[in-house]
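Structure first, then comments.
The values are calculated or read from the model by the stated rules, or taken from the named source; none is laboratory data. Since the model is a prediction, treat every value here as computed from it, not as a measurement. Reconstructed Cβ throughout: ideal geometry from the backbone, glycine too, with neighbour counts over all protein chains shown. Protein only, heavy atoms only, side chains kept; ligands, DNA and RNA dropped before computing areas. Shrake-Rupley method; radii C 1.70, N 1.55, O 1.52, S 1.80 Å.
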Amino acid sequence: MIRAARPDDVPAIAGLIRELADYEKLAHAVSLDESRLADDLFGPRPLCEALVADDSAAGVVGFALFFQNYSTFRTRSGIYLEDLFVKPAHRGAGYGKALFLAVAKLALERGCSRYEWSVLDWNTPAIGFYEKMGAEPLSDWTVYRLTDGALRAAVEGHR
C-alpha cells in the first residue's frame, strides 16, 4: 500500500534515508536530524512531502520524498523527486514502481509540467528502471552544488 507519510513514520523514513546513503556509498555525507526532518515534512511550513510503501507484515519498506519546484520557461510548477528507495529485501515486488507512479500522479493532479530527479551515473538498476518508465536523461546539464563551508564562503566572500 502506498500512502502519504505521517509524523509517526519519521523514524522509519530516517532509517531508509540512512540505508539509501549506504547504498549510494554516501553514508559519510549524512547528518540527519529526525526532529528537523519531522518539521520539514509536517511543520507549520512544510518544505517537502513523502509517500511510503507500507507492507502489512513488514511495515514501511520504502519511501519517496519530493518537493515542488518551478519552471520559468513553462511558468508552471513541477515536482522534484529527491529520493526513492525500497529496502533490498522488498525490491521486485512493485513498491518502487508504485511509489514512482504515485508521485507522478500527484504531479498530474497538481497541474505540474515536469517531474524530475537525479540519478548517480553508476546506478544502472535505477537508470534502467527510469528508462523503462519512459524517462530520458538530460545529458546537456551538469548539476552544481554549494554546501556548508563553500556556501558560507561564497556569500561572505562576495559582500
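For the reader, a short list of remarks on this structure follows.
- In the range 85-95, residue most open to solvent (accessible area, probe 1.4 Å) [restricted to those that are under 19 Å from Ala135 (Cα atoms) and touching a residue at least 40 places away in the same chain (Cβ under 8 Å)]: Tyr95
- Residue match in the range 58-67 (condition: farther than 19 Å from Trp117 by Cβ, open to solvent by 50 Å² or more (accessible area, probe 1.4 Å) and of a type outside the set (A, V, I, L, M)): no
- Subset of the range 29-47 (residues that are surrounded by 11 or more Cβ atoms within 10 Å (Cβ to Cβ) and either within 26 Å of Ala93 (Cα to Cα) or free of Cβ contacts under 8 Å to residues at least 12 places away in the same chain (or both)): Arg36, Asp39, Asp40, Gly43, Pro46
- Flag if Gly128 is open to solvent by less than 40 Å² (accessible area, probe 1.4 Å) and touching a Cys at 6+ places or on another chain (Cβ under 8 Å): no
- Screening Ala98 on (1) under 21 Å from Ala21 (Cβ atoms); (2) open to solvent by less than 60 Å² (accessible area, probe 1.4 Å); (3) touching a residue at least 60 places away in the same chain (Cβ under 8 Å) shows it passes everything except condition (1).
- A Cβ distance below 7 Å, combined with a sequence gap of six or more or placement on separate chains, defines the contacts here; from the range 101-113, residues that are touching a residue at least 12 places away in the same chain (Cβ under 8 Å) reach residues that are open to solvent by 40 Å² or more (accessible area, probe 1.4 Å) and assigned to a loop (DSSP other than H, G, I, E, B) in the pairs Ser113/Arg74.
Okay, residues lined up against (1) over 13 Å from the mean Cα position of the chain (by Cα); (2) in a strand (DSSP E or B):
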site	(1), (2)
Phe100	no, no
Ala107	yes, no
Tyr115	no, yes
Val119	no, no
